[in-house]
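The values are calculated or read from the model by the stated rules, or taken from the named source; none is laboratory data. Note that the structure is a prediction, hence the values are computed from the model and not measured. Cβ placement follows ideal geometry from the backbone for every residue including glycine, while neighbour counts extend to all protein chains displayed.
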Amino acid sequence: MINAEVVRRTFQSKFQKVEDAAPGIIRAESQYANKAYAVAYIDVADDVIERADNLSSFQENLLGSEFFSVDTDLRWNSYLFFLAGPKSVADERYQKAKAKIEADRHYARKFVVTERELIERFTLTSEAPVQKVSGDQDAEVIWAQLLREASLGVLLEQRARTQTLDSIASGEAFVAEPQSAPSTGPVINDALASGLIRELRIGNFRRIHSKSNFDFGDVNLIFGPNGAGKTSLLEAIEILYCGRVRRDIDAVFDGIEAKVETLAGELIEVAASTVASVLKARNRAWYGRSDVLSSAISHGFTRFNFLDTDAAFRLSSETDSDQINDDLSQLLVGPGTSKLWNYLSKLEQEVRERLKVVNARLPELRQQQELVASEVARFRSAPTDANALAKTFHSSIRALGMRWKTEDESPGIDVGDRKRLEDIARGISQVLTLWEIPAITIDAAKQKIDIFMLHLPSIRDQLVQVDELSAAIFESNSKKSRNRENIALLQRWIAYCESGVPTLERSLRDLEASTATLRSSLTGLPLELLPEVSAEYANQPLADAIQSIKLRIDSAIQTERSATQSLLETQQFEQSLSSLRKELQDVAIAVLKKAGDESLCPVCSTPHGPNELLLKIQNLVATSGLGQSDSLRNAARVARETAEQCRLTLDFLTKLEIYRSSSKKIELTSVLALRDALNSDVSALIDANRERDRVELMLQQFDDQAGNRHQYTVMRQSVLSMLSDDVDDLSNLRAKLESLSFEAGIEDDNATSLIESLESSRVRAHEMLAYHGIRCSDNAGFAEMAVSTERFVAQTEAVSRFLNDSEVMSISRDGRFSDIQVAVDEAIVLFDRALQAERVEQDARKELDRLLALLNTLASSVSVLCKEQDNLVKASLVLSDIVENHSLERATKQTLNVIRDRVGEVFRRIHSPSEYAVGDFVGDAFLVALDNSGTRRVNQISSGQRAALALSIFLGLHGSAKTAPPVLLIDDPVAHVDDLNTLSFLDYLRDLAVQPESRCSLPLLMRAWLLYLRRNSISGRALQEDSVV
């Protein structure tokens, strides 16, 4: 049962004037400065079902007269509450009746509530002490404290994570910070801490607001279209408080000043400050935070004073549950804290991953270090035989009597020793190769050299004689070859001349010249005789004849066209006349048949014999004008034939014109003269072609029988170079042939004598070379013997130098070179073995040095990696502590628990209809359905309801921050909120405005909300309208 007295007491505690409006209906007014600004009616009859059935008549009787009264402000601020007691709630029609009543928009806004809901609605938790959201409990402050305690305060700068991760691993990120007790005192003489802005002046901030002034009341509505600068104006206010714009840290501004009204009513000039100490002091005084960075003040201002529209917008439109939770976190703990959490949580994962890599890499490096150390020990203990082999080599050198080695020299291997031994071995090999005597001694070799050098001039003279005789024979053979070629040439040329080929060749050249001239004159003309010339044109000049024939062609063409056109017209006329006669015949026959007497003319009534009249009618139709058509057809044919004949004549004359131009016979002008000249040239060309064919046939017959006639020109030039006189005179040619044959015989005898002398000289030279051991083939000529001799001379000189170089080696004069060669070869083998052993030892020393360097590198890497491991472990511990024990989710829940009651109160006020209440925020249970259907996650309710929840959270935070400045900025607060919830929000805003120390700036787009707020403005509490259009 409804307790009306409890309801009355509740209304009396909240409203200034409470009275009975009717039986079971209480009327209450909200007043400010003794003036009503809202009126509420409460129906306590517990008859919701009946009220729904008769809603129109009920509210008209109750509210009609007052709704249309003179005071129109209250008509927009009337509320009608229907109290639902046990009787109404138990009725199965209750929900439909409730929905019908609350959906009605006439006269007043209506709510169906239970007694508990009514009491909760008007018993505001804001009147009770509110738990403050402490800055010391702020998650970002806790994170900063933990990081600084671990000397990782640099992480708060949120540098690139890759760079930060590297600095953690290297230890550069660990920087101890001096511990200083933060000042907690308030900012002295800071009017913004508690004062209200009355005037704002903007010197330079974005083009749209530069050099602008704005006046403010307690509640300010800023309206205008998109892009007008509503948000920019709010950001100018943010600059005044924070010295920066959170969403645009690079924004340029200057000259932002304000007049602020203090609690004492005094107006104080305040200018925007970017001084770090001032901003840090404000952050401590307003939000209880001691951040190192002065820019951190924006986090608190956005959290408690300036609704983060971006997060609220995303919350109302987002569909992903994880993203929704992130957006709620940004609203509850601030975007800066949320951003830092994302940074630290991701960095914590990356540190753990980096630590895993280091933990996996460190054992591998240590194992590799052990392997390298064992290799170093093995190389150090390995034996070497390089020194022993070197000593054996030096002993062999001394045994050979080599003078470049002394006893006090170092036992090492000198690479020059092998070159010296190779030089000695090469000298001995030259000695043995030169004479092929293994047992030869130094004295024997020197004696052979002396004898050879004594005979060398005689050998060279003999070789010169062989060379001169060879040259003479070559010259004689050349003359014989030339004589044979000349004789053969003359014999062939005489055969040509005896066959008459030169005469035929001259005739052919003359014929080709004449035919070329005639072809030039007949260029472009067929090789045929032209017919007789018409007497009409024979004596006319060619140009006149061409002009005359062209005129005749044009005339014939015109005549043909006229005859053809006339023929066409005549044929059309005859066709028409034939059709008329046929129609006349048909009409006459029809008339005769109709008259019934075929012998009586129906026109003149003249009698006729049987069928006579029909025959006359038929003759009439048969009569035609065929004679005229034939005449015109013949005329067209004659004109066409005339034109064709004229064209043939024109073609004839055109050929003459071409001939006259190509033959350059300009003096010929008449048609007959040109025709005769052309025919004459054609006849001459035909005759010349026949004669040329005949000559070519005779020459071809000669080719087939005697040889290649096409070499005639080359042969003639060769004969001319041999004979300076007439080459066509056979007697002269035969005499020359006889002279050449005689000269050839003489040259043959001379060549025979030279060959005999050469053979004798060559045999003598071969014997001289064989005596000294110079090897040549049996038939060797001068070139081979000369090369062999000079080669032997060079070898002898080399051997002589070797034998005279006795300083490097002590050899007895009777020592055999074959024995010395064996000893030297053995010494070279010993050298190679010693050198190889020494190189193996050097390679081992290099490998040992490399292993030692690698061992040092591995030791350094292990040391660095151990330091990285320690640093990463330290960072991982503090970051894991933050993620596990001080997470953003935990901070969000703590903040929600602190402001839960206030959020619930605000949500109940601004959300209609009352489907949900704010839950306990355990898990995803943000809202609780009032119909007991369970909890709802945020992503299970509408975008408008989520927007209302976002506003409730922000307003709850604002109400919990008692030390924050009394400014409330909400950018586009009714976005995504339906009409009913918008009205509820504006009602709540109105109630908030009448409270002391409150102020609000609301940028809106729609003028309808401006009009509504104007109707709801309260006398004494100014609603300031600032248009930025």
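Take the range 268-300 and flag every residue that is in a loop (DSSP other than H, G, I, E, B) and at pLDDT 85 or above.
The answer is ALA272, SER273, THR274, VAL275.
Would you say GLY153 is within 22 Å of GLU884 (Cβ to Cβ) and modelled with pLDDT under 90?
When the stated conditions are applied, GLY153 passes them.
Before we move on, is SER374 within 60 Å of the chain's Cα centre (by Cα) and either exposed (fewer than 13 other Cβ atoms within 10 Å of the Cβ) or within 30 Å of LEU858 (Cα to Cα) (or both)?
yes
Within the range 378-403, how many residues are within 30 Å of LEU851 (Cα to Cα), of a type outside the set (Lys, Arg) and in contact (Cβ under 8 Å) with a residue 40 or more places away in the chain?
7
Could you please let me know if VAL260 is among the β-branched types (Val, Ile, Thr), within 30 Å of TYR988 (Cβ to Cβ), out of contact with any Pro (no Cβ under 8 Å at 6 or more places or on another chain) and in contact (Cβ under 8 Å) with a residue 60 or more places away in the chain?
yes
When the residues of the range 81-113 are narrowed to those that are basic (Lys, Arg) and not in a helix (DSSP H, G or I), which ends up farthest from the chain's Cα centre (by Cα)? I'd like the intermediate steps shown before the answer.
Step one: of the range 81-113, the residues basic (Lys, Arg) are 87, 93, 96, 98, 100, 105, 109-110.
Then keep just the ones that are not in a helix (DSSP H, G or I); that gives 93, 105, 109-110.
Details: ARG93: 69, ARG105: 61, ARG109: 63, LYS110: 64 Å.
Checking each candidate, the answer is ARG93.
Taking the range 432-461 as the region of interest, how many residues are surrounded by fewer than 14 Cβ atoms within 10 Å (Cβ to Cβ) and in a loop (DSSP other than H, G, I, E, B)?
Residues meeting the conditions: 3.
Any residue in the range 766-785 that is among the aliphatic types (A, V, I, L, M), in contact with a helix residue (DSSP H, G or I) (Cβ under 9 Å, 6 or more places away or on another chain) and outside any helix (DSSP H, G or I)?
yes
Counting only residues that are surrounded by fewer than 18 Cβ atoms within 10 Å (Cβ to Cβ) and not aliphatic (A, V, I, L, M), which one in the range 639-654 is farthest from ALA563 (Cα to Cα)?
Per the stated criteria, the residue is THR654.
Picking from LEU530, LEU614, LEU542, LEU518, which residue would you name as being free of Cβ contacts under 8 Å to residues at least 60 places away in the same chain and not β-branched (Val, Ile, Thr)? Spell out how you get there, then give the answer.
Working: LEU530 fails: free of Cβ contacts under 8 Å to residues at least 60 places away in the same chain; LEU542 fails: free of Cβ contacts under 8 Å to residues at least 60 places away in the same chain; LEU518 fails: free of Cβ contacts under 8 Å to residues at least 60 places away in the same chain.
That would be LEU614, the only listed residue that is free of Cβ contacts under 8 Å to residues at least 60 places away in the same chain and not β-branched (Val, Ile, Thr).
Suppose we filter SER374, SER429, SER381 for residues that are closer than 30 Å to LEU769 by Cβ and either at pLDDT 75 or above or in contact with a Pro (Cβ under 7 Å, 6 or more places away or on another chain) (or both); which single one remains?
SER429
Mind listing whichever residues of the range 378-399 are farther than 12 Å from PHE831 by Cβ, surrounded by 13 or more Cβ atoms within 10 Å (Cβ to Cβ) and among the aliphatic types (A, V, I, L, M)?
ALA386
Given (1) part of a helix (DSSP H, G or I); (2) within 30 Å of VAL333 (Cα to Cα), identify the lone condition not met by ALA917.
Looking at each condition in turn, ALA917 falls short on (1).
Run down THR392, THR384 and say which single residue is polar (S, T, N, Q), outside any helix (DSSP H, G or I) and within 30 Å of ILE424 (Cβ to Cβ).
One residue alone meets the criteria, THR384.
If SER562 satisfies every condition in (1) closer than 30 Å to GLU657 by Cβ; (2) assigned to a helix (DSSP H, G or I) but one, which is the exception?
Checking SER562 against (1) closer than 30 Å to GLU657 by Cβ; (2) assigned to a helix (DSSP H, G or I), the one that fails is (1).
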